[in-house]
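What follows draws every value from the coordinates through simple rules; no lab data is involved. The shown structure was predicted, so the numbers you read here are calculated from the model rather than taken from an experiment. Ideal geometry is used to build each Cβ from the backbone, glycine not excepted, and the neighbour counts take in all protein chains shown.
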Amino acid sequence: MSKPADRVFVPGDSAARSVGADQVAERLSEALPGTREIVRNGSRGLFWLEPLVEVERDGRRLGFGPVTPEDVAGLVGAGFPASGHRLALGPVEEIPQLARQQRLIFARCGLAGPLDLDAYADNDGLKGLQAARALTPGAIIEQVKTSGLRGRGGAGFPAGIKWETARKAQGERKYLCCNADEGDSGTYADRLLMEGDPFTLIEGMSIAARAIGARHGLVYLRSEYPDAIRILKQAITLWREAGHFRELIDGADFDIEVRTGAGAYICGEESSMLNSLEGKRGEVRAKPPIPAISGLFGQPTIVNNVLTLGSVPWILEHGGEAYRDFGTGRSRGTQAFQLAGDVAQGALVELAFGVSLRSLIEDFGGGTRSGRPLRAVQVGGPLGAYLGESDLDVAMDYEALAEIGGMLGHGGIVVFNDSVDMARQARFAMEFCAIESCGKCTPCRVGATRGRETLDKIIAGDEIEANLDLLQDLCELMTDGSLCAMGGLTPMPVRSAIERFPEDFTRLAAE
Ligand SMILES: Cc1cc2nc3c(=O)[nH]c(=O)nc-3n(C[C@H](O)[C@H](O)[C@H](O)COP(=O)(O)O)c2cc1C
Ligand code: SF4
């Protein structure tokens, strides 16, 4: 029998829990002598291996997965063999899909329990905040500008410029709002960070608050994320009790509260989110003014995505120049790519910008789960373009994707096999917009419904050519005339589907 484990780790995030991690942890605690510690750690983001049990021996972590509750007795009985067991994966850090990543935001995720502040500090947490405390707000903003960090929520706006605008804006008080609404299909990186390593987000928010002079921080989270809400609230309390909010803002304290939204997609759009935070209907505000000048309750407000803020501790710890070394062109740093859909190895993959879509899907994702040929990939959430096999060599950065008519969005990658009907996917885009539209402007409110109806006619084989022309007109109107990117970008999946998969729209005409 091999040596006993020092500690055993079973992920406690909602992805692992959804495939039985709680039951595995329960069986382990029954089967193991009481002296052994079972840590509910954050996710490593290797979903096809979940529940991924890790056994620590002499500082090394050996992985086993996917472990079912029924496997536990055998594994414990065999003393968690270092190799030879059908579930043995070897040292977790050496699993190729993890070892090949460049983890800056997610460097700590999975190493410890999400609420273990000592482990956070032991794993280089708090260093960014320490560096920021020694800098003036202006110097913090300079570091962020040097880093080239752009917003990870979708629009890719330079974070440093936004912060500088808010810093200089006049107001009775300033707010920092973290956008954790994460409504895009196929995305989960925000949730993974909040459930697995919430202190990184809190540290990033603390630094951002110091930079812009905001004493009030809010995180806007959707009610569908109960685990993230619970863990983040507990983490904020621990951070406060440890004194890390103290005297951050010109001698005054900072603090963060968590607000829960009901899960409307449009409440992820920053001005709708601000309305929702003010207790109003989640409806888009006309711009200008931009939130950095007049946002929450009319005060200067920064809205940043979880991953934007989660990138900040590393930048302050290592410097903006070091961050710039990652990436390509105007896309600097790393992106948390999220693989979903018909993919064999669903995973969160953090890598520098510039990796090819093919490498993400084939090398990290292992191709399709069904074994059927890949036909389409939607990149960037429900408003992102559908790409085809011939696009797979595109570099995953803001500019390269825009050049082929796509967008990076929040980094979601949804894979479809050859059974997909792209006319129905185009219809889904219009239907999604019709359901989720805030209703403020006509091109989106009415256009999306007319778009869905027109696609219904095309799918039914009714005057296909004429209806396709009409649909193109409608797409142009929505793109040019919508007040926000919801109506403005819905044509992207529709047009890309028509352009790359025309046969799915004309099939009935040919029959
Ligand atoms: C319809 C719509 C939905 C959006 N949903 C989100 C979201 O869920 N999370 C997010 O961070 N940004 C979302 N955005 C982008 C935000 O409006 C905003 O650009 C972002 O929060 C700014 O933060 P960043 O600069 O750090 O990306 C959405 C935008 C639109 C138009
Ligand atoms: S485009 Fe749609 S979601 Fe955006 S303001 Fe207009 S109606 Fe609202």
Exercise for the section: Give the residue, chosen from ILE302, ILE293, that is in a strand (DSSP E or B) and either away from ligand 1 (no atom under 16 Å from the Cβ) or over 19 Å from GLY45 (Cβ atoms) (or both). Expected result: ILE302
Exercise for the section: Please list, ordered by first then second residue, the pairs with beta carbon atoms under 9 Å, 6 or more apart or interchain, first in the stretch 19-30 and on the phi > 0 side of the Ramachandran plot, second outside any helix (DSSP H, G or I). Expected result: GLY20/GLU50; GLY20/PRO51; GLY20/PRO66; GLY20/VAL67; GLY20/THR68
Completion exercise
When GLU270 is run through (1) within 15 Å of ligand 2 (Cβ to nearest atom); (2) closer than 18 Å to ALA209 by Cβ; (3) surrounded by fewer than 22 Cβ atoms within 10 Å (Cβ to Cβ), the failure sits at (3)
Problem - Contacts under 6 angstrom Cβ, first residue in the stretch 407-429 being small (Gly, Ala, Ser), partner in a helix (DSSP H, G or I), 6 or more apart - result: ALA423/ILE459; ALA423/ASP504; ALA423/PHE505; ALA426/LEU455; ALA426/VAL494; ALA426/ALA497; ALA429/PRO493; ALA429/VAL494
Fill in the blank from the handout: Residue count, the stretch 25-38, condition outside any loop (DSSP other than H, G, I, E, B), among the hydrophobic types (A, V, I, L, M, F, W, C) and either out of contact with any helix residue (DSSP H, G or I) (no Cβ under 9 Å at 6 or more places or on another chain) or farther than 21 Å from GLU93 by Cβ (or both), comes to 3
Handout entry: Number of the exception - ALA88 against (1) under 22 Å from PHE47 (Cβ atoms); (2) in contact with a Leu (Cβ under 6 Å, 6 or more places away or on another chain)
Key = (2)
Handout entry: Checking THR187 against (1) touching a helix residue (DSSP H, G or I) at 6+ places or on another chain (Cβ under 7 Å); (2) β-branched (Val, Ile, Thr); (3) in a loop (DSSP other than H, G, I, E, B), the condition it does not meet
Key = (1)
Practice task
Quick one: in the stretch 274-286, of everything that is within 12 Å of PHE297 (Cα to Cα) and not basic (Lys, Arg), which residue is nearest to ligand 1 (Cβ to nearest atom)?
Solution key: LEU274
Handout entry: Tally of residues being away from ligand 1 (no atom under 15 Å from the Cβ) and part of a loop (DSSP other than H, G, I, E, B) across the stretch 393-445
Key = 11
Completion exercise
Among residues of the stretch 497-511 being more than 17 Å from ARG452 (Cβ to Cβ) and in a helix (DSSP H, G or I), the residue farthest from ligand 1 (Cβ to nearest atom) is ALA510
Practice task
Out of the residues in the stretch 193-228 that are assigned to a helix (DSSP H, G or I) and of a type in the set (Asp, Glu), state the one that is farthest from ARG150 (Cα to Cα).
Solution key: ASP227
Problem - Matching entry among GLY128, GLY113 (being farther than 13 Å from LEU307 by Cα, outside any helix (DSSP H, G or I) and under 22 Å from the mean Cα position of the chain (by Cα)) - result: GLY113
Handout entry: Complete set of residues in the stretch 131-176 that are surrounded by fewer than 18 Cβ atoms within 10 Å (Cβ to Cβ), among the β-branched types (Val, Ile, Thr) and either within 13 Å of ligand 1 (Cβ to nearest atom) or over 26 Å from the mean Cα position of the chain (by Cα) (or both)
Key = THR136, ILE161, THR165
Problem - Residue list for the stretch 113-169, filter: of a type in the set (Lys, Arg) and in contact with a Leu (Cβ under 9 Å, 6 or more places away or on another chain) - result: LYS127, ARG133, ARG152
Practice task
Spot the failing condition for GLY487; the list is (1) of a type outside the set (A, V, I, L, M); (2) within 16 Å of ligand 2 (Cβ to nearest atom); (3) without any contact (Cβ under 8 Å) to a residue 40 or more places away in the chain, and only one is missed.
Solution key: (3)
Handout entry: Answer residue from the stretch 147-180, given it is farther than 23 Å from TYR323 by Cα and not hydrophobic (A, V, I, L, M, F, W, C) and is nearest to ligand 2 (Cβ to nearest atom) among those
Key = TYR175
